[in-house]
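Here's the structure we're looking at; comments come further down.
The values are calculated or read from the model by the stated rules, or taken from the named source; none is laboratory data. In this text the structure is predicted, and so the values were computed from the model without any measurement. Here the Cβ positions follow ideal geometry from the backbone for every residue, glycine too, while neighbour counts run over all protein chains shown. Just so you know, the surface numbers come from the protein's heavy atoms only, side chains and all, with ligands and any DNA or RNA stripped out. Shrake-Rupley method; radii C 1.70, N 1.55, O 1.52, S 1.80 Å.
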Number of protein chains: 2
Amino acid sequence: MDRPTIDDVARAAGVTKATVSHAYSGKRPISATTKARVFAAAQRLDWVPSSRARALAARRTDAVGVVLSRDPTILASDAFFPAFISGVEAVLAEHEIALVLQVASSRTAEERAYRAMASGRADGVIVLDLHRVDWRVAYLRQIRLPAVLLGAYDAESPFSSVRTDDATPVRDLVARLREQGHTRIAHVSGPLDYVHSHARAGAYVRSVGSKELLREGDFTAGSGRALTAELLDLPDRPTAILYSNDTMAIAGFSYARSRGLVVPDDLAVAGFDDDHLSAHLSPALTSVFTDPFRRGRVAAERLLADLAGEPPESVTVDCNELRLRASTAGAAPEAPHTELEEEFS
Amino acid sequence: MDRPTIDDVARAAGVTKATVSHAYSGKRPISATTKARVFAAAQRLDWVPSSRARALAARRTDAVGVVLSRDPTILASDAFFPAFISGVEAVLAEHEIALVLQVASSRTAEERAYRAMASGRADGVIVLDLHRVDWRVAYLRQIRLPAVLLGAYDAESPFSSVRTDDATPVRDLVARLREQGHTRIAHVSGPLDYVHSHARAGAYVRSVGSKELLREGDFTAGSGRALTAELLDLPDRPTAILYSNDTMAIAGFSYARSRGLVVPDDLAVAGFDDDHLSAHLSPALTSVFTDPFRRGRVAAERLLADLAGEPPESVTVDCNELRLRASTAGAAPEAPHTELEEEFS
DNA sequence: ATGAAAGCGCTAACAA
DNA sequence: TTGTTAGCGCTTTCAT
């Protein structure tokens, strides 16, 4: 009454385990007739090969891992993650490969999680939220766990990576706002040690030529609100704010509104990541669609290629798309401080 | 240069594999001194037990599975799933148990996925999106895979379940709208073969006493829009619409607005699930917060208890909270058709 | 308190 | 084309 094993099937089909195994894997020629007998027997016995035994013998798990260093509570309000995972799954599902998820909120927990992956939970991992100097890159190399990095890692690394160009949409957005007459354009970034935050902030700084109105947030609504307050309290306040994600942008524009400012008339606002509800806000939020679904697909495909033995490769996905909406529409407000600026210049 | 095995550690510590194994599992008394020697050796050799070998020998994987029957692309725009998974992970992370995710978009693929879980990918599963008559319940029993069902399954089942009361907030909401003078209150449900959609729709029908203004959607923005159009085209159109999720509600009120209706003056609108941005829409969307994070926690805890040998149990989580916001504020519009109704009555 | 040895259910190298 | 057999690296029973 226990689950049948490969031996049961072999016996029922009048062959040996090896034949059964090969009938399924196709790793050696099996005559059509025996193959048919094997399959029939397996079907009759309702046999499913044990993934555990297979994993041990083949040193392969048929699973791909993701270790999340984010706090579980933050996961919930993030536009990127679910869509990215969907993209990954879309590829993995075709190959009947599972996705193993583990969250770890401390460095030691994270190391343990990666070691667990390496010890047989997964054949390779996708690394998210890459830092500019990321201990995980060296660590994964050390424990020899195949990996794909999501983001442009500058330092030498033996891993494939999936990159995007975050600079262009930021530059385009700044240019656009300039055309509308904005001269005081601020940026609320994510943590600057993340490669993606840093890339966006860097593009911003190069575009406006100054760090004066750059503020470092942490992607939470709280920081969006606090830093917006700080910027609006400036004697020469910005007339436009670019946020590094939609959550901060929305928190920011709610706050601005609570101070009596009208978006976009008094303050233009733009986000990043294009949450699926952002188009429905009013005013609708200008944002940058980054196609996390597609990036998930590409990352999964890249990892499977690596696991199949292809040499690592850096692929760049051209997916970012600036979506201009009402929150940045219209001309810049008659900046009350422009005269002041001129006085000082 | 290969990964060290338990034998290497045993040799280095001058004991046998059995001792090493027991030093870690604590399944038999080991003297403090040998234990110390073992741990020291393991540390020195940088040994991590192979989860594959352990899984095979112990018939346990230390992983919990979720098979998603949704299309991967839908996953992305759903308020429930990421938060639920976060809750699950919050519990699993404490026990260093992994979460195995697999999406399957056809029944056969789904069966394969569950069999893979049963064959060693996971020790048990959490079943989402329960149908009123759900083949998976019988199937999981047949393949003897421990499971926790999310939702109130009516038929006899050997599984634990995590239930919520979706009826009360619907009833409260209808009552509230009645007080405001609404007499034509419609409902756009999710697919009625889902237990949760059905529970909400059932509560609605019992509250309003009629199915006339009930429309069955599928939780997508498209169906929200289409069914809203249908309802608004009615000769005696509703003055309030309850949707079974926020996505449909938002699509619905965008559409209503495009027809020149003002929310909530001409049409009151309410959603379900309370997407994290719903409070920021304008008007802010009335919705029902269902605490998916907490339900995820409870489901994971329940599954771990089942796996530890406790008898299955149905737990009810009292988590639903009606959040009244501007989209249902104010009195019912002077219903343009009330006179008509009187003419006909 | 510890050792010896038999599996767990497959894969793959080696034979035939 | 198929059979034989030795692992894969653990856990666990049976001895001591």
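Structure data summary
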| quantity | calculated |
| --- | --- |
| Most to least accessible of B:Lys27, B:Lys17 (protein chains only, probe 1.4 Å) | B:Lys27, B:Lys17 |
| Beta bridges by DSSP in the protein assembly as shown, antiparallel share as percent, to the nearest 5 | 15 |
| Rounded to 10°, Cα long-axis angle of helix B:246-258 versus longest principal axis of chain B | 30 |
| B:Thr168 accessible area, 1.4 Å probe, all protein chains in place, Å² to nearest 10 | 50 |
| Qualifying trypsin sites (Lys or Arg not before Pro) in the range A:109-156, DSSP loop, other Cβ atoms within 10 Å at most 15 | A:Arg144 |
| Whichever lysines have a C-alpha closer than 21 Å to that of A:Lys35, once near sequence neighbours (fewer than 8 apart) are set aside | A:Lys17, A:Lys27 |
| Candidate aspartates and glutamates - alpha carbon under 13 Å from A:Lys211, same-chain residues fewer than 8 apart omitted | none |
| Descending semi-axes in Å of the range B:109-240, equivalent ellipsoid built from Cα gyration tensor | 37, 16, 10 |
| Once exposed loop GluC sites (Glu not before Pro) are cut out (DSSP; at most 11 other Cβ, 10 Å), longest piece of chain A | A:157-333 |
| For chain B, share of DSSP beta bridges that run antiparallel, in % to the nearest 5 | 10 |
| On Cα atoms only, tilt of A:167-179 relative to the major axis of chain A in degrees | 20 |
| Probe 1.4 Å, all protein chains present, accessible-area order of A:His280, A:His182, largest first | A:His280, A:His182 |
| Cβ-Cβ FRET estimate between A:Asp172 and A:Ser282, R0 fixed at 22 Å, reported to 0.05 | 0.40 |
| Whole-number percent relative contact order across the range B:1-156, with pairs defined as alpha carbons under 8 Å at least 6 apart | 20 |
| Paired Rg and Dmax values of chain B, which use every Cα atom, in angstrom | 26.2, 97 |
| Qualifying trypsin sites (Lys or Arg not before Pro) in the range B:225-303, DSSP loop, other Cβ atoms within 10 Å at most 14 | B:Arg259 |
| Å² per residue, accessible surface of the range A:1-137 at 1.4 Å | 45 |
| Exposure of B:Ile85 as accessible area (Å², to 10), given a probe of 1.4 Å and all protein chains | 0 |
| Rough spin-label spacing in nm, given labels placed 7 Å along Cα→Cβ, for B:Thr108 and B:Ala32 | 6.3 |
| Sequence of A:Tyr139, B:Tyr204 from largest to smallest accessible area, 1.4 Å probe | A:Tyr139, B:Tyr204 |
| Theoretical ellipticity at 222 nm over the protein assembly as shown - DSSP helices of four or more residues, -39500 (n - 2.57) apiece, nearest 500 | -13000 deg cm²/dmol |
